[in-house]
Structure formats: C-alpha cells, structure tokens
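Have a look at the structure below before the remarks.
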Amino acid sequence: MMAYSELELDGLKEVINIGGGHAATSISKLVNQKIDMHVPEISILSYHEMYKQVIADDVEVHAVVSSIVGDYNGMILFVVSDDSADKLSELMLGTKTDDINVKMSAVSELTNIISNSFLGAIGNLLNVQLVSALPVIQDDYFGAVISSIYMALDQYDDHIMVIRNEFTYSEEKLDASLFFIPETGVLEQILKSLGI
Amino acid sequence: MGIADYKIALAPAKLITVGLGSCIGTIIYNEQAGIGGLSHIMLPDSHPFAKKQALNTAKFADLALPEMVDKLKQKAPRARFKAKIVGGANMFGFNALSKTGNIGQRNIEAVEEMLKELGIPLIASHVGGNSGRTMIVDLKNFETMVRIVHHDAVYI
C-alpha cells in the first residue's frame, strides 16, 4: 500500500464526500425522506483492524456489488444489515414486506441508483466517464465479501485502503455503508486530476 | 484466528476461522497426538512478491503450509498427518472481472499441490461454489463444521 500525505488524503476525502453527498441526495429523493451521510471515512487498515473497527468478519450482511466501468475501473460495495434492508425497502415500497426477493430487489435497485449517482458526481468533478454495471446481490459473511473483492481486483497488500460512506435516516444510523474499491492506480489518477 | 495467519492447538480445543471467501482454510491434524494446525491463506503463490521486504508467509499457500507443518512436526515428531480444506469460492462470479482469473480456484489447486508435495493426504474438502464459509474444527475428533449463510451446517 502506498503512503499518502495528509493533503492527498484530504483531497480524496473531498472527492468521496461529493460522491457520497450526491448518493445521499438521490436516496432521499427516491424514498422521499431525508437521508444524510456522515463525513466519509478513509483509512489504511490491516484486515484485522478493519474487522475490529468497521464491520466484523463473521457478520452476515446483504452485500451488493457493482463493477465500475468507464475511465476508471473498480467496484462499489454496498453493505446493509438485515434491519436496514427492512427499513430501506419499506421506505422505497411505502409498505413493509416479508418477501425476501422483493426486499432484495428493492435494495439492489437502490444500490444501482446510489452507485451511479456516486460515480456520476465523481466523474463530473474529475471530468471522466464512470458508470456502474448492474449490481449483484449476495447474503454472506462480511469477511468473505470484502477480502474476495480486494483479491479479485488484484490488491494483495496486508493493508488496504478502506473508503466508506455511512448513511443515517432521521438521526438514526442506517447500518448501510458504501465502499469504494478502485483498481490499483486509480487513486493516483484521481489525485492527479485534482492537481495534487 | 484471522486472515493470513495460522494457529496450532491441542485437543480438546477447537480451531475456528470465519469469512473464507476465495481464501482457503486448511486443517492439518494428527489423531493420536490430538494436535492440529489451521491456516487461512489468501493467495496461491508468493513468487510474484518475492522482492518485497517482510513477506507475511502465512498469507501464501506455498509458504504457509510447509511452515505450519514444520511446527506441527516439532511438536509431534513421529506423527502422520491428514488434511481437510474449506473455501476457495468464486464470490459474486468475480472470475470474469479479474485479470488473474479465478483466485479461489487457483488457491484450491495450490493448496492441493502443496499437500501432495508435503505427503499429507487430503481426506475431505468443501471448496468452490460462490458462497463464503466459516469453519470450526474440533481437535478431539477432527470433526469439521462448515457454515454457509442461509444453509444448514455441513460436517466433513
């Protein structure tokens, strides 16, 4: 893992902040409720630290993955707990549902919108074309999901850069996180476009 | 125990590793001594990374397994060992996306090859597919429980 200066990390944080802000706005519009986003977290962590500080490796999550296509490649991972999936699908459908397929397709559609508004905002800022491919949803252990994504993107370091936006709904934490996992070299390109 | 690590313990302890995606959990065990080592590797081959300083040997199939077997043999010099492996999934059907192909499948092949080189019979495995796994090994009897989200536990 490359070392980044404070200035570079601030620059990246600003980019992610803009992407996450747009994503929060697009969810708010969709569900007609105010959804907010925390200041994004960018940290370089070992797997051990990530599982301790972010989400534990044995937690069962709904994981939605979309590949990023366009000028930069990588993946967007949206992770929601079961409770939050209930909440979000209820907000989207306007009614509670017990049908797991309906619930998952609502979450999947939501991720599609979030990913594309996140990427669209970043793309505008950096003057590049970025869209996300159709999401794939899977219920699995967080550890299996996140480690396999880094491996699939050929990122083999013991330390990984965790870029995450967390969302809240009426002051309540939503337990929904958006991870931005770019391919090797993309962050350097982003910094270059920012002129840092 | 966590990712890119291994651990050796004695019965009646249990060894557990969680959230195996494309990674592989390998339990190497001897019944008489009641000793077992569980490794959680991430990658098949350390050679592309040989130039890097301070390699974590426990991360790679080709380094982790011989090292763990050495340590097991120090503790149980005459023991004959057997192995079971779990993991090596192709999560989300990622193989189409990676430049290096299906990492889970390559991990399975590397671990099987390394066990063969070490002369340790592989007596059971629960590998491949698209789902993550958690494994819990009971060192009293080598019973290995494999858990997959939304499925009943499987014993191998």
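Just a few scattered comments:
- Matching residues, the stretch B:1-36, being more than 11 Å from chain A (Cβ to nearest Cβ), part of a strand (DSSP E or B) and polar (S, T, N, Q): B:T26, B:N30
- The set of residues from the stretch B:57-90 being farther than 18 Å from B:V127 by Cβ and among the β-branched types (V, I, T) comprises B:T57, B:V69.
- Failed item in (1) under 16 Å from B:I35 (Cα atoms); (2) buried (at least 20 other Cβ atoms within 10 Å of the Cβ), with B:R78 passing the rest: (2)
- Selection status of A:F180, within 16 Å of A:I35 (Cβ to Cβ) and more than 10 Å from chain B (Cβ to nearest Cβ): no
Yes/no matrix, rows are residues, columns are (1) of a type in the set (A, V, I, L, M); (2) free of Cβ contacts under 8 Å to residues at least 60 places away in the same chain:
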residue	(1), (2)
A:V80	yes, no
A:S108	no, yes
A:I146	yes, no
A:I149	yes, no
A:L153	yes, no
A:D157	no, no
A:A176	yes, no
A:F179	no, no
A:P182	no, no
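- A:N165 passes every criterion in (1) more than 27 Å from B:K59 (Cβ to Cβ); (2) open to solvent by less than 10 Å² (accessible area, probe 1.4 Å); (3) within 14 Å of another protein chain (Cβ to nearest Cβ); (4) not hydroxyl-bearing (S, T, Y) apart from (3).
- Just so you know, in the stretch A:116-156 the residues that are more than 9 Å from chain B (Cβ to nearest Cβ) and touching an Asp or Glu at 6+ places or on another chain (Cβ under 6 Å) include one that is most open to solvent (accessible area, probe 1.4 Å), and it is A:Q129.
- Restricting attention to the stretch B:128-144, the residues that are open to solvent by 10 Å² or more (accessible area, probe 1.4 Å) and over 25 Å from B:A11 (Cα atoms) total 4.
- Of B:G104, B:G88, all but one fail to be at the interface with chain A (Cβ under 9 Å from one of its Cβ atoms) and surrounded by 17 or more Cβ atoms within 10 Å (Cβ to Cβ); the exception is B:G104.
- Within the stretch B:37-57, considering residues that are farther than 15 Å from B:I103 by Cα and part of a strand (DSSP E or B), the one farthest from the other protein chains (Cβ to nearest Cβ): B:G37
- The lone exception for B:M114 - which of (1) surrounded by fewer than 19 Cβ atoms within 10 Å (Cβ to Cβ); (2) more than 14 Å from chain A (Cβ to nearest Cβ) it fails: (1)
The values are calculated or read from the model by the stated rules, or taken from the named source; none is laboratory data. Small disclaimer: the values here were computed from a predicted structure and weren't measured. Don't worry about glycine lacking a Cβ; one is built from the backbone with ideal geometry, like all the others, and counts go over all protein chains shown. To get the accessible areas, we keep the full protein, side chains included, count just its heavy atoms, and leave off ligands, DNA and RNA. Shrake-Rupley method; radii C 1.70, N 1.55, O 1.52, S 1.80 Å.
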